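The values are calculated or read from the model by the stated rules, or taken from the named source; none is laboratory data. This one's a predicted model, so the numbers in the text were calculated from it and none came from an experiment. Cβ placement follows ideal geometry from the backbone for every residue including glycine, while neighbour counts extend to all protein chains displayed. Calculation scope for accessible area: heavy atoms of the full protein, side chains included, ligands and nucleic acids excluded. Shrake-Rupley method; radii C 1.70, N 1.55, O 1.52, S 1.80 Å.
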Amino acid sequence: MTTASPAVIRRGLGVLAVAIRAQPKLFILSIIGSALYAAAGVGAAFVLGAITTHVVLPAFREGRVSAGALVAAAGAIIGTAVFKVLGIVGRRIFAGMMQYRMQAQYRREVAGRYLDLPLSWHARHPTGSLLSVANSDVEAAWAPIAPFPFAVGTLFMLLITAVALVLTDVVMAIVGFVVFPLILILTLQFSKRMSPRITRAQELRAEVSGVALESIDGALVVKTLGREDHETERFAVHSAKLR
């Protein structure tokens, strides 16, 4: 349980694709917000460079600066910040709506599926595990959809940056083109190593939920038999594993 197989990564991307097909409008809006934030982030560097060249340095040379230049510089900085804020707000709101809508939909579908299954099937499965599937598993399944537009926006930012590097300095561009793939490789390795651990954490959450529900359902029996310390210790063991 050290790394995830490529099949796991493909299934994860498939889950994201399901969400995109289910909520295409929200996804497009969140991508627009993310792209706006990325463009504003790169644009801020050009704005600050232009202000330094045309306002700050002349002010040091001449010992004075015109009010018009200050107003233009302030307007450029504030305008860039406004675009960045709009991008952040749009990305987070629409991506969050997409995530919570998918979670609500699949909670209803899982609960509906539970109602269709016979009582004999329910008798063979702990209630805590079923609740964990309907709640924490659904939550974990659609959690990646919220940062996904941010990742797409980051790719857009890298594209803009790559073009800017080539236009600015070829040597600097070569260094950047070496660094970017290394970061991608590190990110993929991190994801491969974390995926099995996240899966195991979900399994342990189900175990903790099951133990907690058993203690709650059998509270009277536990108190009657004086098994509080035993139940506390049992819960502590499972929760410690999860932690």
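The table below gives the values:
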read-out	value
Among the residues listed as Leu182, Leu167, Leu213, Leu220, the single one being within 25 Å of the chain's Cα centre (by Cα) and part of a helix (DSSP H, G or I)	Leu182
Top-ranked residue in the range 117-166 [being more than 23 Å from Ala104 (Cβ to Cβ) and among the hydroxyl-bearing types (Ser, Thr, Tyr); ranked as most open to solvent (accessible area, probe 1.4 Å)]	Ser120
Test: residue in the range 182-194 that is modelled with pLDDT under 85, crowded, with 17+ Cβ neighbours inside 10 Å and either farther than 30 Å from Tyr100 by Cβ or of a type outside the set (Lys, Arg) (or both)	no
Sole exception among (1) of a type outside the set (Lys, Arg); (2) over 30 Å from Ile145 (Cβ atoms); (3) open to solvent by less than 70 Å² (accessible area, probe 1.4 Å); (4) part of a helix (DSSP H, G or I) for Val65, by number	(4)
Qualifying residue in the range 126-139 (condition: in a helix (DSSP H, G or I) and in contact with a His (Cβ under 8 Å, 6 or more places away or on another chain))	yes
Residue pairs meeting the criteria (Cβ under 8 Å; at least 6 apart or on separate chains; first at pLDDT 85 or above, in the range 216-243; second surrounded by fewer than 13 Cβ atoms within 10 Å (Cβ to Cβ))	none
Candidate set: the range 102-141, residues that are over 19 Å from the mean Cα position of the chain (by Cα), of a type in the set (Val, Ile, Thr) and at pLDDT below 90; chosen: the one nearest to Gly210 (Cα to Cα)	Thr127
Odd one out for Gly176 among (1) touching a Ser or Thr at 6+ places or on another chain (Cβ under 8 Å); (2) open to solvent by 60 Å² or more (accessible area, probe 1.4 Å); (3) over 30 Å from Ser129 (Cα atoms); (4) not aliphatic (A, V, I, L, M)	(2)
Filter result (under 15 Å from Arg243 (Cα atoms) and open to solvent by less than 70 Å² (accessible area, probe 1.4 Å)) within the range 195-206	Ala201, Gln202, Leu204, Ala206
